[in-house]
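All remarks here apply to the structure that follows.
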Amino acid sequence: MNDDEKQELREALLGQRKNVLADVSRHGVKTGAGAGAIADETERADIIAENMVEHQLGFSESKLLEKIEYALAQLDQGTYGICDECQKEINIERLKAKPSVSLCIACQTIKEQSG
Ligand SMILES: [Zn+2]
């Protein structure tokens with residue numbers, strides 16, 4: 001990976017992070033507080049259902065953010081683009097398509113097959 005490609009991927013990651021953060025603020029993801037303070041039993045189910053949706057949204061978004069932050073840290077450390085499992089270089093085209101990946105195609109496939 002040359003410096004131009006690194007720069008391109010860094011910008012892609014920063015852009016992705018910005019999008020996720022914009023999504024989070026638009027959906028108003030909560031941090032989990034509030035559900036315990038409900039007095040009315042009839043309202044409880046509705047609010048729990050709402051919280052579950054928000055929780056799932058927050059979870060997938062925070063997972064993605066985590067991956068983006070991880071990739072950015074690796075870029076800084078010069079270890080970006082190395083597969084977490086087999087330590088081989090991840091295909092540059094794969095990184096360009098999805099800059100937050102931390103596994104090569106072979107390891108990703110194994111992981112998906114094993115569940
Ligand atoms: Zn691998």
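The values are calculated or read from the model by the stated rules, or taken from the named source; none is laboratory data. Everything quoted here is computed from the prediction, not taken from an experiment. Counting neighbours? That spans all protein chains shown, and the Cβs are built from the backbone with ideal geometry, glycine included. Surface areas here come from the heavy atoms of the whole protein model, side chains and all, with no ligands, DNA or RNA. Shrake-Rupley method; radii C 1.70, N 1.55, O 1.52, S 1.80 Å.
In segment 79-92, the residue that is farthest from the ligand (Cβ to nearest atom) out of those that are of a type in the set (D, E, K, R) and either open to solvent by 90 Å² or more (accessible area, probe 1.4 Å) or assigned to a helix (DSSP H, G or I) (or both) is Glu89.
Candidates in segment 93-115 are the residues that are open to solvent by less than 40 Å² (accessible area, probe 1.4 Å) and more than 8 Å from the ligand (Cβ to nearest atom); of these, the one that is nearest to Asn2 (Cα to Cα) is Leu95.
Close Cβ contacts (under 7 Å, 6 or more residues apart or on different chains) running from residues in segment 99-115 that are among the hydrophobic types (A, V, I, L, M, F, W, C) to residues that are part of a helix (DSSP H, G or I) and within 14 Å of the ligand (Cβ to nearest atom) comprise Val101/Arg94; Val101/Leu95; Leu103/Lys111; Ile105/Arg94.
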